[in-house]
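For reference, the structure is listed below as structure tokens.
The values are calculated or read from the model by the stated rules, or taken from the named source; none is laboratory data. Quantities reported herein were computed from a predicted structural model and do not represent experimental measurements. Using ideal geometry, Cβ is built from the backbone for each residue, glycine included, and neighbour counts are taken over all protein chains shown.
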Amino acid sequence: MNIDIHQILKTLPHRYPMLLVDRVIEFELGKRLLALKNVTINEPFFVGHFPQRPVMPGVLILEAMAQAAALLSLASAGVEIDEKTLVYFAAIDNARFKRPVEPGDQLMMEITLLRLRQGIQRFHGAARVGQELAAEAEMMCAIRRAP
């Protein structure tokens, strides 16, 4: 199942410059997904991180994986999505950064659902550029309704 940017915009509340998922390439409900982020020199963070050698900040790689996890989370929990449905980043464990992500890279994020209980989900995320691991972490997300 392929999820394009139009469906992502309907599902996630994030918008430019914080939307960090361009497409979902593979999707197995309740199990895993493979999402894509095209990293371009036009990203606003490259202006200051680092001007002499632009590198995508690690926290934004984690945020991109969390957004991909939110897509899997909402679908797996069977939640009806509206403007008050939010998925909060609740925890991150064992984050590791293995290689820099630079302009021109295609960041492929594989997210695997480890556990789903009472609106709290635990995921493993791995972000790769080609076959090289760029970052990985375990994340927890919580689905909540905004007041």
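In the set VAL59, VAL87, VAL24, which member is without any contact (Cβ under 8 Å) to a residue 24 or more places away in the chain, under 24 Å from ARG122 (Cβ atoms) and not polar (S, T, N, Q)?
VAL59 is the lone residue from the list that is without any contact (Cβ under 8 Å) to a residue 24 or more places away in the chain, under 24 Å from ARG122 (Cβ atoms) and not polar (S, T, N, Q).
Within segment 27-57, count every residue that is surrounded by fewer than 15 Cβ atoms within 10 Å (Cβ to Cβ) and part of a strand (DSSP E or B).
2
Given the conditions (1) touching a helix residue (DSSP H, G or I) at 6+ places or on another chain (Cβ under 7 Å); (2) under 17 Å from GLU28 (Cβ atoms); (3) not charged (D, E, K, R), which single one is not true for SER73?
Result: SER73 fails condition (1) only.
Residue-by-condition table, conditions (1) surrounded by 22 or more Cβ atoms within 10 Å (Cβ to Cβ); (2) over 16 Å from the mean Cα position of the chain (by Cα):
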site: ALA64; (1), (2): yes, no
site: SER73; (1), (2): yes, no
site: ALA91; (1), (2): no, no
site: PRO100; (1), (2): no, yes
site: GLU110; (1), (2): no, no
site: LEU114; (1), (2): no, no
site: GLY119; (1), (2): no, yes
site: PHE123; (1), (2): yes, no
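Does any residue of segment 122-129 turn out to be touching a Ser or Thr at 6+ places or on another chain (Cβ under 8 Å), under 22 Å from ASN2 (Cβ atoms) and modelled with pLDDT under 95?
no
Out of segment 62-81, which residues are of a type in the set (Asp, Glu) and touching a residue at least 40 places away in the same chain (Cβ under 8 Å)?
Filtering segment 62-81 down to residues of a type in the set (Asp, Glu) leaves 63, 80.
Scanning segment 62-81 gives a single hit, GLU63.
Across segment 27-49, what is the total count of residues that are out of contact with any Asp or Glu (no Cβ under 7 Å at 6 or more places or on another chain) and either among the charged types (D, E, K, R) or free of Cβ contacts under 8 Å to residues at least 40 places away in the same chain (or both)?
Matching residues across segment 27-49 total 9.
Within segment 90-122, how many residues are in contact (Cβ under 8 Å) with a residue 40 or more places away in the chain, assigned to a strand (DSSP E or B) and not basic (Lys, Arg)?
Adding up the residues that qualify gives 16.
In segment 122-136, what count of residues is obtained for those that are of a type in the set (A, V, I, L, M, F, W, C) and over 14 Å from VAL55 (Cβ atoms)?
Here the count works out to 3.
Looking only at segment 93-114, count every residue that is within 10 Å of HIS124 (Cα to Cα) and β-branched (Val, Ile, Thr) and tell me the total.
So the answer is 2.
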